[in-house]
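The values are calculated or read from the model by the stated rules, or taken from the named source; none is laboratory data. The structure presented is a predicted model; accordingly, all values stated were derived computationally and were not measured. Methodologically, a virtual Cβ is constructed for each residue, glycine included, from the backbone with ideal geometry; neighbour enumeration extends over all protein chains shown. These accessible areas exclude ligands, DNA and RNA; they are computed on the full protein's heavy atoms, side chains included. Shrake-Rupley method; radii C 1.70, N 1.55, O 1.52, S 1.80 Å.
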Amino acid sequence: MTLYARLVPAAVRLRLRPHLQRALEVSGLIGVLHRRQERRLPQAPAPPFDDGLPMPPAELLVLVGASSDGRWFSEGGREHAAMFSSLAGKHGVDVGKAADVWDLGCGCGRIARWLAPEAIAGGGAFTGSDINRRLVDWTSAHLPGRYLLNGLKTPTSLAPKSKDLVYAYSVLTHLREKAVRAWLEEVHRVLRPGGLALLTFHDECYAGAWGPPGVVGRLEREPFIVLNDAMEGSNYLSSWTTAVHLEALAAPLFEVLEIVPGRRDNPTQAIAVLRARAE
Ligand SMILES: C[S@@+](CC[C@H](N)C(=O)[O-])C[C@H]1O[C@@H](n2cnc3c(N)ncnc32)[C@H](O)[C@@H]1O
């Protein structure tokens, strides 16, 4: 199952009528329902899974994937780590050779559990950051690397021009367009000139395969769509944009090396592969 399908927010699961959903969003009460839904999910039984690495507790697993399925967390994370590592290598950054890497929106280390040891063993450094303190605390206590809390708004405390590689899986997908622009600027600020950013987003291919009905048609008319427009940064809100529009947002600061379309098989979000331009 896809990350988006797992993250189908409380309002959809609860089958709220649109006007009631909007009223709950405007009043802020939707947050209470969404958090209650998240607290219930770990109670669904999931078989234990051991990959030899520390496994986050169920209540943290659901915060990143809306499921307490340890196998999905481990195996999906390993696949996405291999995918980022291979894309980075293709464009000149070898994670295993003294690279300084930042995992933006690291959650509880689904990808960091694989890439942090690789970067550190290769003589490099690894930093993860997230807006959720519980996720940062767990990751910091259990995985190698340095983990920081950052705000929903930029900037972070990271030094300018300090990283060779930044990746973010399913993070821009929970931000409005204004925040996406701001985070592109922040990623550019923190990357050394020529450094690489691998940022996933919900493109039209992913929307066609896994999105809710109507999104593909809307993307033909609107380049950036926000669904469930409340609780920015949480899994409640999802944003969708065309590859062309994401490219246009990134182009002033980055050379767009490639846009890997979202996949139906082995579901994976689209990836913008960007090289930081020198100022
Ligand atoms: C769907 S989860 C994905 C987590 C992780 N990247 C993964 O693939 O397992 C989205 C994560 O992004 C974090 N997040 C959302 N907005 C953020 C922001 N502006 N800065 C840092 N983290 C953010 C959330 O707290 C959450 O942990």
Value of D in µm² per second that Stokes-Einstein yields for segment 76-276, Kirkwood Rh from Cα pairs, at 37 °C (0.692 mPa s): 196
Distant-in-sequence amide H partners of Thr127 (H built 1.01 Å from N, under 5 Å): Val101, Trp102, Asp103, Arg146
DSSP bridge orientation in segment 123-211 - percent antiparallel, rounded to nearest 5: 0
Highest-fluctuation residue, Val171, Val187, Val215 considered, GNM on the chain with Cα pairs under 10 Å: Val215
Residue of Ala46, Ala66, Ala116 that the Gaussian network model of the chain assigns the largest fluctuation, springs spanning Cα pairs under 10 Å: Ala46
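Number of Lys pairs in segment 76-276 with C-alpha atoms less than 20 angstrom apart, excluding same-chain neighbours closer than eight positions?
Summing the qualifying lysine pairs gives 6.
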Built amide H within the under 5 Å cut-off of Ser67, gap 5+: Val62
Per-peptide average of other Cβ atoms within 10 Å, ordering 198-207, 268-277 highest first: 198-207, 268-277
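Ranked from the most accessible area to the least, with a 1.4 Å probe and all protein chains present, what is the order of Ile30, Ile131? Kindly include the intermediate steps, with their values, before the conclusion.
Values: Ile30 5, Ile131 75 Å².
The residues order as Ile131, Ile30, largest area first.
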Per-residue SASA entry for Leu41, accessible area with 1.4 Å probe, Å² rounded to 10: 40
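Keeping all protein chains in place and using 1.4 angstrom, which order do Trp210, Trp72 fall into by accessible surface area, from largest down?
Working: Trp210 85, Trp72 45 Å².
Of Trp210, Trp72, the descending order of accessible area is Trp210, Trp72.
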Counting DSSP beta bridges with both ends in the chain, the antiparallel % (nearest 5): 50
Area of Glu185 that stays accessible when all protein chains are in place (1.4 Å probe, Å², to 10): 110
For Lys161, solvent-accessible area (1.4 Å; no DNA, RNA or ligand), Å²: 110
Whole-number percent relative contact order across the chain, with pairs defined as alpha carbons under 8 Å at least 6 apart: 16
GNM result for the chain, Cα springs below 10 Å: residue of Arg110, Arg221, Arg263 fluctuating most strongly: Arg221
